[in-house]
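Some notes on the structure that comes next.
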Amino acid sequence: MQYWMSANWKMHKTIADAKALAQGLKDQVNANLPDDRIVPLFVPFTALTAVKEILADAPGFRVGAQNFYPEEQGAFTGEISPMMLKDIGIEWALTGHSERRHIFGETDDLIGKKTSYGLNQGLTIVFCIGELIEERKAGRVEEVLTKQLEIGLADVPADKLPNLGVAYEPVWAIGTGEVAGPTEIEHAHALTRCWLGKKYGEAGNAVPILYGGSVKPETTASIIAIENVNGVLVGGASLKADSFSKIVLA
Ligand code: 13P
């Protein structure tokens with residue numbers, strides 16, 4: 001299985017800054033990238049085209065959007081459709097990110113609709129799940145992750161799995177500097193792998209499960225060594241070429 005060493009730039013970078021970062025990553029990573037790794041970058045809409053152009057001759061990279069709306073077109077002010085993303089050559093996107101869930105109030109139902117719609121439109125989707133600290137303290141991790149998986153992937157058939165990754169991002173570890181411990185990561189990833197196996201059988205074993213939440217260059221090697229961790233999704237430490245290159249090559 002390939003490792004997906006992914007970046008989520010969130011609401012950062014002007015076009016000029018995005019180009020400089022993409023160029024820096026290409027310079028540091030392209031020639032050294034092992035065959036079993038790819039580097040999906042989820043960048044702001046405004047920088048997609050510029051970043052895609054810079055990375056056109058860097059085969060290990062993928063460029064994706066952080067969001068889209070699950071309709072082809074229509075009266076959805078402020079939204080972007082998968083068709084519009086494909087129009088500019090973008091074939092990857094995130095769904096279910098904790099900031100979409102908790103800042104923008106996206107429900108499991110909407111996230112499920114986005115995930116199946118995006119896959120049906122030919123996008124490759126990194127579908128994110130994760131519990132809040134209160135849910136963890138209340139012993140509800142398994143219940144919360146299972147519900148997110150059940151509703152989020154309700155309408156995803158097995159034949160779409162080659163275009164799916166799942167990212168486990170405990171909300172309390174995002175942007176806090178607090179990485180989940182190896183036992184916590186191993187448990188959440190095992191639970192996710194087991195759920196995928198129950199729903200999809202053998203095909204569920206081929207879905208990469210990424211860890212996200214305060215991943216840093218120093219912690220990456222030990223995180224990706226954990227069973228069922230098939231890559232990372234990095235926020236803060238992906239915003240500088242030096243630190244993200246170290247993560248990608250860790
Ligand atoms: P940080 O790496 O900044 O904790 O962000 C993680 C994240 O939300 C990636 O999607």
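Checking A206 against (1) in contact with a Ser or Thr (Cβ under 6 Å, 6 or more places away or on another chain); (2) in contact (Cβ under 8 Å) with a residue 60 or more places away in the chain: exactly one of these is not met. Which one?
With respect to (1) in contact with a Ser or Thr (Cβ under 6 Å, 6 or more places away or on another chain); (2) in contact (Cβ under 8 Å) with a residue 60 or more places away in the chain, A206 is out only on (1).
Here's a check for you: in segment 207-219, which residue that is assigned to a helix (DSSP H, G or I) and more than 11 Å from the ligand (Cβ to nearest atom) is nearest to P162 (Cα to Cα)?
Per the stated criteria, the residue is P217.
Somewhere in segment 235-244, is a residue more than 15 Å from the ligand (Cβ to nearest atom), modelled with pLDDT of 95 or more, among the acidic types (D, E) and farther than 17 Å from V141 by Cβ? Step through it out loud before you land on a result.
Filtering segment 235-244 for residues more than 15 Å from the ligand (Cβ to nearest atom) gives 241-242.
Right, trim to modelled with pLDDT of 95 or more and you get 241-242.
Going one step further and asking which of them are among the acidic types (D, E), we end up with 242.
Now restrict to residues that are farther than 17 Å from V141 by Cβ: 242.
Yes, there is a match, as at least one residue in segment 235-244 is more than 15 Å from the ligand (Cβ to nearest atom), modelled with pLDDT of 95 or more, among the acidic types (D, E) and farther than 17 Å from V141 by Cβ.
Step by step: first the residues of segment 1-60, then only those that are of a type in the set (D, E, K, R) and surrounded by 13 or more Cβ atoms within 10 Å (Cβ to Cβ), then the one that is farthest from the ligand (Cβ to nearest atom). Which residue is that?
Residue satisfying both the conditions and the ranking: E53.
Please work out which residue is farthest from the ligand (Cβ to nearest atom), limiting yourself to segment 152-166 and to residues that are touching a residue at least 24 places away in the same chain (Cβ under 8 Å) and out of contact with any helix residue (DSSP H, G or I) (no Cβ under 7 Å at 6 or more places or on another chain).
P162
Looking at segment 62-97, which of its residues are aliphatic (A, V, I, L, M) and open to solvent by less than 30 Å² (accessible area, probe 1.4 Å)? Spell out how you get there, then give the answer.
Within segment 62-97, the subset aliphatic (A, V, I, L, M) is 63, 65, 75, 80, 83-85, 88, 90, 93-94.
Listed by number, the residues that qualify are V63, A65, L85, I90, A93, L94.
How many residues are closer than 17 Å to M1 by Cα, open to solvent by 30 Å² or more (accessible area, probe 1.4 Å) and within 15 Å of the ligand (Cβ to nearest atom) when one looks only at segment 167-206?
Counting residues in segment 167-206 that are closer than 17 Å to M1 by Cα, open to solvent by 30 Å² or more (accessible area, probe 1.4 Å) and within 15 Å of the ligand (Cβ to nearest atom) gives 0.
Within segment 145-160, track down each residue that is in a helix (DSSP H, G or I) and open to solvent by 10 Å² or more (accessible area, probe 1.4 Å). Walk me through it before giving the result.
From segment 145-160, those in a helix (DSSP H, G or I) are 145-152, 158-160; that's our starting set.
Correct list: T146, K147, Q148, E150, I151, A158, D159, K160.
Six or more apart or on different chains, Cβ atoms under 7 Å: show the pairs whose first residue is in segment 51-69 and without any contact (Cβ under 8 Å) to a residue 40 or more places away in the chain and whose second is among the small types (G, A, S).
Listed pairs, sorted by first residue: V51/A18; V51/A22; K52/G89; I54/A22; L55/A22; A65/A93.
Check whether at least one residue in segment 72-93 is within 16 Å of the ligand (Cβ to nearest atom) and under 18 Å from the mean Cα position of the chain (by Cα), and report yes or no.
yes
The values are calculated or read from the model by the stated rules, or taken from the named source; none is laboratory data. Every value quoted in this text rests on a predicted model; they were computed, and no experiment measured them. All Cβ positions, even for glycine, are placed from backbone atoms using ideal geometry, and neighbour counts span all protein chains on display. The protein model used for the area step is the full one, side chains on, heavy atoms only, and it has no ligands, DNA or RNA in it. Shrake-Rupley method; radii C 1.70, N 1.55, O 1.52, S 1.80 Å.
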